[in-house]
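Single-structure report; data block below.
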Amino acid sequence: MKRRSILKHSLALATAASLPRMSLAMASPADDFDYILTAETGRENLLGDAPTDILGFNGQFPAPVLRVKQGKRLRLRFDNKLEQASTIHWHGIRIDNAMDGVPMLSQKPVEPGESFVYDFVCPDAGTFWYHPHIHSIRQLGMGMVGALIVEEPDAPPYHEVIIGLKDWRLKPDGSYLPLSIPREAFRDGTLGTVNTVNGQQHPVIDVPAGAALRLRILNMDNTRVFRPEVSGHETRILSLDGSPVIPHRPFELTPLGAGMRMDLAMYAPNRVGEQIPVYDKKGRFGVELCRLRVVENTRHTAPKTLPNLPANPIATPDLDKAEILRFVFEWQGALSPTRADGAVDHSFWLINRRAWDGGEGHHSLPEPLAKLTLGRSYIAELHNATPHQHPIHLHGLIFTVLSSNKRSIIPYHSDTILLEKNERARIAFVADNPGDWMFHCHVIEHMKTGLMGYISIS
């Protein structure tokens, strides 16, 4: 066994106690790759005794947790054993455009029986994730999502807990309800019926007594907005969407739209056996997602204060010289022409009065929403002119959220911003990564029915 294999095997064993099933899904490295991921069918008991057919990375859910050190190269072979094309997009990672995994825009679709090698450096530490960017309603909806953890070179002394949130649209017998309903697609999206954390309903996750905990919470759902809250315990926000919040600040209820992430810090109680509920807060009430169960601490020494995360190397935009961009997200509620096969592509959403007829395969490539100059600073004014929420995600770049007309903003870095209905927000960034970068709503049905475009940097 190579040294790399030994190290990754040891890591999987060390984290098994705190990550229910997640750590068991770690990929097995091959000689020439850090990981091999295979898109293939599988079966999981998401409802207990009723099995569900899934599409999974390595045929399993949860998908493998991928790990790499900040500034290091990740080399991964992707094998497609599905009956349709697929890709992998690395959500939130600032990488070379050719590795971004968007078919027709940055790479060719990986057809059934084909392979593709993803090879890139991860410049930022944080909590990220990966998923296909083609046939997304079906492939994400049936399980092709996974966590990517980029570790700090000198990681603060936290005990890590991954909380991967995903809904499923299932009948009581484990079979699927329709993954998308048009009347819901032109509203908030088609919600799931079964909520899981790390592939389980209401799991109990063991944490060591008195340890400093880092809760990596990932919304890997197609649609739902989660509002996670740890009941009855003081928590701090360490990072949002992979970018450290410096200094970390007291927890405030922070909605996580589809694709968004949040790292929380807290001390585990000292009393062995105590259980801490983690809720999805809905109005005055909450729906329990999972529980943290305190177990005996045999090796973790908690720091006296919860440490900050080190800053990532994000370029600071020059706001005084920044060029202004304007993006309006609108609803049109129209139907596109019938396709040759007799089906209809729904088109419900617009960016700057234009819908991308992407369908399930990104089968067309329009002109970019904006052409930007490499190295220049930009301020983008975002206007959600609809009565629905939209988590707007920008590939390949990290932006600074500056302001909003709906809420008080302490500027922070992010790759996704959840726009409330009728919200106007301003974000700023340096166009320092050349290429064509997707800019879209991460409610997958919204994206597939028009609410996507791209910007071009050269």
(request) List the number of the failed condition for Ser180; all other conditions in (1) in contact with an Asp or Glu (Cβ under 6 Å, 6 or more places away or on another chain); (2) of a type in the set (Gly, Ala, Ser); (3) within 30 Å of Pro269 (Cα to Cα) hold. (result) (3)
(request) Tell me which residues, restricted to segment 168-190, are touching a helix residue (DSSP H, G or I) at 6+ places or on another chain (Cβ under 9 Å) and farther than 19 Å from Trp331 by Cα. (result) Trp168, Arg169, Tyr176, Leu179
(request) Filter segment 31-53 down to the residues that are out of contact with any strand residue (DSSP E or B) (no Cβ under 6 Å at 6 or more places or on another chain) and outside any strand (DSSP E or B), then identify the one that is surrounded by the most Cβ atoms within 10 Å (Cβ to Cβ). (result) Leu47
(message) Out of everything in segment 205-237 that is touching a Gly at 6+ places or on another chain (Cβ under 8 Å), touching a residue at least 60 places away in the same chain (Cβ under 8 Å) and not in a strand (DSSP E or B), what residue ends up being surrounded by the fewest Cβ atoms within 10 Å (Cβ to Cβ)?
(response) Val225
(request) Output the number of residues of segment 71-127 satisfying the condition of being assigned to a loop (DSSP other than H, G, I, E, B), basic (Lys, Arg) and farther than 17 Å from Val150 by Cα. (result) 2
(request) Look through segment 242-274, keep the residues that are charged (D, E, K, R), touching a residue at least 60 places away in the same chain (Cβ under 8 Å) and surrounded by fewer than 17 Cβ atoms within 10 Å (Cβ to Cβ), and return whichever of them is nearest to Pro228 (Cα to Cα). (result) Arg249
(message) Looking at Ala147 and the list (1) assigned by TED's automatic domain parsing to the domain that holds Leu37; (2) more than 27 Å from Asp263 (Cα to Cα), which single condition is not satisfied?
(response) (2)
(request) Could you please let me know if Leu350 is under 30 Å from Pro123 (Cα atoms) and not assigned by TED's automatic domain parsing to the domain that holds Thr87? (result) no
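Residue-wise test of (1) under 23 Å from Ser243 (Cβ atoms); (2) assigned by TED's automatic domain parsing to the domain that holds Tyr267; (3) free of Cβ contacts under 8 Å to residues at least 12 places away in the same chain; (4) not small (Gly, Ala, Ser).
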position: Asn97; (1), (2), (3), (4): yes, no, no, yes
position: Val121; (1), (2), (3), (4): yes, no, no, yes
position: Ala125; (1), (2), (3), (4): yes, no, no, no
position: Leu170; (1), (2), (3), (4): no, yes, no, yes
(message) With modelled with pLDDT of 75 or more, under 28 Å from Trp129 (Cβ atoms) and either surrounded by fewer than 19 Cβ atoms within 10 Å (Cβ to Cβ) or of a type in the set (Phe, Trp, Tyr) (or both) as the only criterion, which of His395, His383 stands out?
(response) His383
(request) Identify the single condition in (1) touching an Asp or Glu at 6+ places or on another chain (Cβ under 9 Å); (2) modelled with pLDDT under 95; (3) surrounded by fewer than 16 Cβ atoms within 10 Å (Cβ to Cβ) that Phe285 does not satisfy, given that it satisfies every other one. (result) (1)
(message) Condition (residue is hydrophobic (A, V, I, L, M, F, W, C) and out of contact with any strand residue (DSSP E or B) (no Cβ under 6 Å at 6 or more places or on another chain)) applied to segment 222-242: is it met by at least one residue?
(response) yes
(message) Condition first: more than 30 Å from Glu330 (Cβ to Cβ) and either in contact with a strand residue (DSSP E or B) (Cβ under 6 Å, 6 or more places away or on another chain) or part of a loop (DSSP other than H, G, I, E, B) (or both). Now tell me which residues in segment 191-204 satisfy that.
(response) Val194, Asn195, Thr196, Val197, Asn198, Gly199, Gln201, His202, Pro203, Val204
(message) Looking for something among the acidic types (Asp, Glu), closer than 19 Å to Gly189 by Cα and touching a Gly at 6+ places or on another chain (Cβ under 9 Å) - is there at least one such residue anywhere in segment 429-446?
(response) yes
(message) Which residue is farthest from Gln70 (Cα to Cα), if the candidates are limited to segment 86-122 and must be buried (at least 22 other Cβ atoms within 10 Å of the Cβ) and aromatic (Phe, Trp, Tyr)?
(response) Tyr118
(message) Looking at the structure I just gave you, is Val294 part of a strand (DSSP E or B) and not small (Gly, Ala, Ser)?
(response) yes
(message) Residues that are modelled with pLDDT of 75 or more, in a loop (DSSP other than H, G, I, E, B) and either of a type in the set (A, V, I, L, M) or within 19 Å of Ser180 (Cβ to Cβ) (or both): does segment 343-352 have at least one?
(response) no
(request) Could you please let me know if Phe439 is closer than 21 Å to His135 by Cβ, aromatic (Phe, Trp, Tyr) and touching a residue at least 24 places away in the same chain (Cβ under 8 Å)? (result) yes
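The values are calculated or read from the model by the stated rules, or taken from the named source; none is laboratory data. Nothing here was measured: the structure is a model prediction, and the numbers come from that model. We place every Cβ from the backbone using ideal geometry, glycine too, and count neighbours over all the protein chains shown.
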